[in-house]
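S.K.: The following block contains the structure, expressed as structure tokens.
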Amino acid sequence: MKRVFAVEYAGHVVRYSFLYRRTWLNFRSYIRPVGGEEFDICATPELMETGRKLLPEYRDDYVEYRLLIELTSRHLLKFGCCIFHSAAFVCEGKAWLLAAPSGVGKTTQFLNWQRLHPGELEMITGDMPVIEPRKDGTVMIHSSPWCGKENFGNKDLRAPLGGVVLLEQGGENRLDPLAARDAIIPFFNQAIVMPETEDEIRALAKIMGSMLSAGRLAKLVNMGDDASTEMLRAFIIGNSKGGANG
């Protein structure tokens with residue numbers, strides 16, 4: 001008999017059947033056991049074989065853990081939600097996303113800010129928040145089991161989106177407002193899902209549109225130093241108003 005475990009994302013319960021106990025350990029602070037054998041998501045043998053080719057240096061349980069990101073994000077499209085690759089933190093009641101490919105400096109900016117201005121930020125997740133657009137136009141940002149290698153995050157913390165800052169490494173520090181039309185492609189690239197049906201494409205496009213209209217947008221070219229973090233802080237503090245809600 002398979003054991004089925006559930007994780008709640010933005011109020012939506014997703015049921016998993018894990019192949020490996022070590023995979024379960026990566027979810028342990030988020031999951032609860034549920035009765036029955038029915039589940040929504042499981043890494044199939046075919047997916048595992050593909051994953052092993054993409055991640056040949058990793059154990060099977062980590063391959064499964066990584067595969068479950070996209071499977072979960074795709075499943076969440078049914079509820080109008082998805083997973084987005086970014087660091088997500090709360091500043092003055094608003095959630096801000098630092099979006100960039102791995103290694104560009106999302107964690108560096110957060111650590112710099114914590115050191116320079118202790119207590120001003122609280123991390124929702126260091127890597128992959130859940131995006132939940134609501135009917136009133138608010139976009140809520142939630143944590144997920146994928147918190148990054150530093151395991152930064154708080155599974156009970158959520159807040160309305162204040163804005164998104166796209167990070168880029170460079171030989172200077174420069175922060176510029178970003179037009180929605182210039183953010184569309186980067187946003188789709190950071191969404192952790194590959195939609196396969198027309199309904200899924202429409203659902204993802206609606207989520208991205210909600211994010212583009214719900215918050216302030218900027219691009220930060222940065223050297224990862226304290227000056228770049230102060231530039232980021234000035235932008236976010238200047239645009240953060242209101243309080244977190246649930």
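S.K.: If you check Leu161, Leu204, Leu167, which single one turns out to be closer than 30 Å to Asn26 by Cα, of a type outside the set (D, E, K, R) and at pLDDT below 95?
M.R.: On the way: Leu161 fails: at pLDDT below 95; Leu204 fails: at pLDDT below 95.
The unique qualifying residue is Leu167.
S.K.: Based on this model, can you work out whether Glu70 counts as assigned to a strand (DSSP E or B), surrounded by fewer than 19 Cβ atoms within 10 Å (Cβ to Cβ) and not polar (S, T, N, Q)?
M.R.: No.
S.K.: Any residue at all in the stretch 201-219 that is assigned to a loop (DSSP other than H, G, I, E, B), of a type in the set (Val, Ile, Thr) and more than 19 Å from Val164 (Cβ to Cβ)?
M.R.: Checked against the condition, which is being assigned to a loop (DSSP other than H, G, I, E, B), of a type in the set (Val, Ile, Thr) and more than 19 Å from Val164 (Cβ to Cβ), the stretch 201-219 yields no hits at all.
S.K.: Is it true that some residue in the stretch 148-155 is open to solvent by less than 10 Å² (accessible area, probe 1.4 Å) and in a loop (DSSP other than H, G, I, E, B)?
M.R.: no
S.K.: Being farther than 19 Å from Phe18 by Cβ, hydrophobic (A, V, I, L, M, F, W, C) and over 17 Å from the mean Cα position of the chain (by Cα) narrows it down to one of Leu47, Leu111, Leu98, so name that one.
M.R.: Just one listed residue meets the conditions, Leu111.
S.K.: Select from the stretch 76-90 the residues that are touching a Lys or Arg at 6+ places or on another chain (Cβ under 8 Å) and either of a type in the set (S, T, N, Q) or farther than 18 Å from Ala203 by Cβ (or both) and list them in ascending order.
M.R.: Matches in the stretch 76-90: Ser86, Ala87.
S.K.: Could you figure out which of (1) over 21 Å from Asn222 (Cα atoms); (2) surrounded by fewer than 19 Cβ atoms within 10 Å (Cβ to Cβ) isn't true of Leu111?
M.R.: (1)
The values are calculated or read from the model by the stated rules, or taken from the named source; none is laboratory data. From a predicted model like this one, the values you see are computed outputs, not experimental measurements. Cβ coordinates were reconstructed from backbone atoms using ideal geometry, including for glycine residues, and neighbour counts include every protein chain displayed. Side chains included, ligands, DNA and RNA excluded: accessible areas come from the protein's heavy atoms. Shrake-Rupley method; radii C 1.70, N 1.55, O 1.52, S 1.80 Å.
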